[in-house]
Structures are given as C-alpha cells and as structure tokens.
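The values are calculated or read from the model by the stated rules, or taken from the named source; none is laboratory data. Remember, predicted model here, so these are calculated numbers, not experimental data. Every residue, glycine as well, gets a Cβ built from its backbone with ideal geometry; the counts of neighbours run over all protein chains shown.
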Amino acid sequence: MNIFKRARVRYVLHRYPVKYEAWEAVTGKMAVLQGLTSVEKAHLRELTALFLHEKRIFGAQDFQVTEAMRIHVAATACLPILHLGIGLFSAWSDVVIYADAFRVSRDETDEAGVVHHQDLVLSGESWERGPVILSWGDIEQDRHRGHQGHNVIIHEIAHKLDMLDGSANGIPPLHVSMPVPPWTDAFSTAYDELNDRLEHHHPVSVDPYAATSPAEFFAVFSEYFFCAPDILHAHFHDVYRQLQLYYRQDPLNRIRADKAAGQTTHEAVD
C-alpha cells in the first residue's frame, strides 16, 4: 500500500469509524465471528468501516435497511478478506438487499446454441462488476442456524473473489506461494466424489448445491470453511487445507480455541 492509500485509509478510519457500542451490539451475536482474537476483531472492525464507506448498501422494493443490518452485512463480507485486504473489493460498489428471496428471469444459451428461459427464486446473486444482491430473510436464517454451513453473504463474496480473474470457475487468483496443481487436484477430486455420491443417491455431508458447478462448489465450500469448518475438515481435508492457504485463516482452530475458553470459564465458575 503506497503512502497516499495509507493516508486515505487513516482518514476514513478516523472520520468514519464503526462506533464501538454499535459494533459490539451486532457482532457479539454473530456465531461466524466467534473465536476471533482481539487483534482480528479490531482489524475486522477497520475493514468493516472501510467497506461501509466505500459501498452503498440499500434496500430493494422499499425495504428499509437499518444501521445494524449494514454492519452485519459489512462485517460478514469482510471476514473472508480479513487477511487479504479490502482492495479485492475495488471493482464493485453496491450491495442490494431484498426483504426475502427474490425472483429473476433470464435467457441462457446452452452449448448447442439453444436459448432457455429461466424463472428463478434466489437468496443471493453476484455479478462480476455489478452489485452483490442478498435476501435479508436468508441472512436472518443463517444467523439463527449458527455453525451449520450456510451463509449467503460469504457465498456471494466467494463468487466475487472467484471472478477477480474474469471468470467464475472455482479457481480465484491464487497467491504466488500457492501452486495451481494442488488446488485443482483437491477440488477436482472432491467435486467428482460429491457428484458420484449424489448420482448413486448416497448421503452427503455438505449442501448438494455445491455439485452444480465448480463455481458453486467453491462458494458453498467457502461457506462451510467459515461456518462449519469441522465438517469440511473431517470430510474434505485437502480442500480445507487449500482454503486455509487461500484465505490465510484457520476457522477450525478458532472453534477449538473458543470451546476450550468456554470450558475453562465454566470450570472457573463451578
């Protein structure tokens, strides 16, 4: 980050901070943030302030977005980039929130050139340089479900990260220290395994929607990485490792540390 960007960041954080009381009131109830260290929480709060300053978050069809909603969306959106940087979000500016799942109609052309019309009901959607679109009803469900592998905000942010190289193919631009073959091997093997189990009507440990395409596989598995890392680590260890290297985070270790701290506190009270 050059001197001018650093000066701008300092200005924004000084001029437009997320007030501590509002921050605690919202994030203290968010299961996906449990286990973050005090340093990580402080950094996430700064990223959230930058996000709120740089992005327009507004409701669709007269839906009223409160300040608490804005903080919730921004904090969750910034969790995946906690150690990657807000610059990865520079190509887009809007977050549109519907009260509930929303309908879209579109025409898509298949490989044979045949146009198919689709009417879909979605909980979220992302465009490469367009907005992130979210359903508040689904965000609320994710919040109440806790660590069950579902988070529509993280799902759509994963799509945004995936599209940074111009295509949604399940391979975001990897760090220089990350060779491509281990990523493709881990994800291809897991993707084929998931599809095989579904084709043979065997039970699966993750949302079957991950088998839709490599792009959805990356987005769904990113949800599990942050919201149910124990499930992902137990059933898809190699994918977990690649996501750990990419996001530069270890949510499973956070959960373990949080549980250990809770047990220690309980024993002290007893």
Of the residues in segment 33-53, those that are farther than 20 Å from P229 by Cβ, touching a helix residue (DSSP H, G or I) at 6+ places or on another chain (Cβ under 8 Å) and either without any contact (Cβ under 8 Å) to a residue 40 or more places away in the chain or in a loop (DSSP other than H, G, I, E, B) (or both) come to R45, E46, L47, T48, A49, F51, L52
The condition from (1) in contact with a helix residue (DSSP H, G or I) (Cβ under 7 Å, 6 or more places away or on another chain); (2) over 18 Å from C227 (Cβ atoms); (3) aliphatic (A, V, I, L, M) that V176 misses is numbered (1)
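To keep it simple, each residue is scored yes or no on (1) more than 28 Å from V121 (Cβ to Cβ); (2) of a type outside the set (A, V, I, L, M, F, W, C); (3) under 20 Å from the mean Cα position of the chain (by Cα).
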{"site": "M163", "(1), (2), (3)": "no, no, yes"}
{"site": "P173", "(1), (2), (3)": "yes, yes, yes"}
{"site": "P181", "(1), (2), (3)": "yes, yes, no"}
{"site": "D185", "(1), (2), (3)": "yes, yes, no"}
{"site": "L194", "(1), (2), (3)": "no, no, no"}
{"site": "V206", "(1), (2), (3)": "no, no, yes"}
{"site": "A219", "(1), (2), (3)": "no, no, yes"}
Check on A101, surrounded by fewer than 21 Cβ atoms within 10 Å (Cβ to Cβ), in contact with a strand residue (DSSP E or B) (Cβ under 9 Å, 6 or more places away or on another chain) and of a type in the set (G, A, S)
yes
Segment 104-197: strands (runs of 3 or more DSSP E) wholly inside it with 2 or more residues that are modelled with pLDDT under 95 are 115-122, 124-126
- Just to be sure, is D250 at pLDDT 95 or above and either in contact with a strand residue (DSSP E or B) (Cβ under 6 Å, 6 or more places away or on another chain) or charged (D, E, K, R) (or both)? yes
Considering segment 206-258, residues that are small (G, A, S) and either in a helix (DSSP H, G or I) or touching a Pro at 6+ places or on another chain (Cβ under 6 Å) (or both), and then whichever is surrounded by the most Cβ atoms within 10 Å (Cβ to Cβ), we arrive at A219
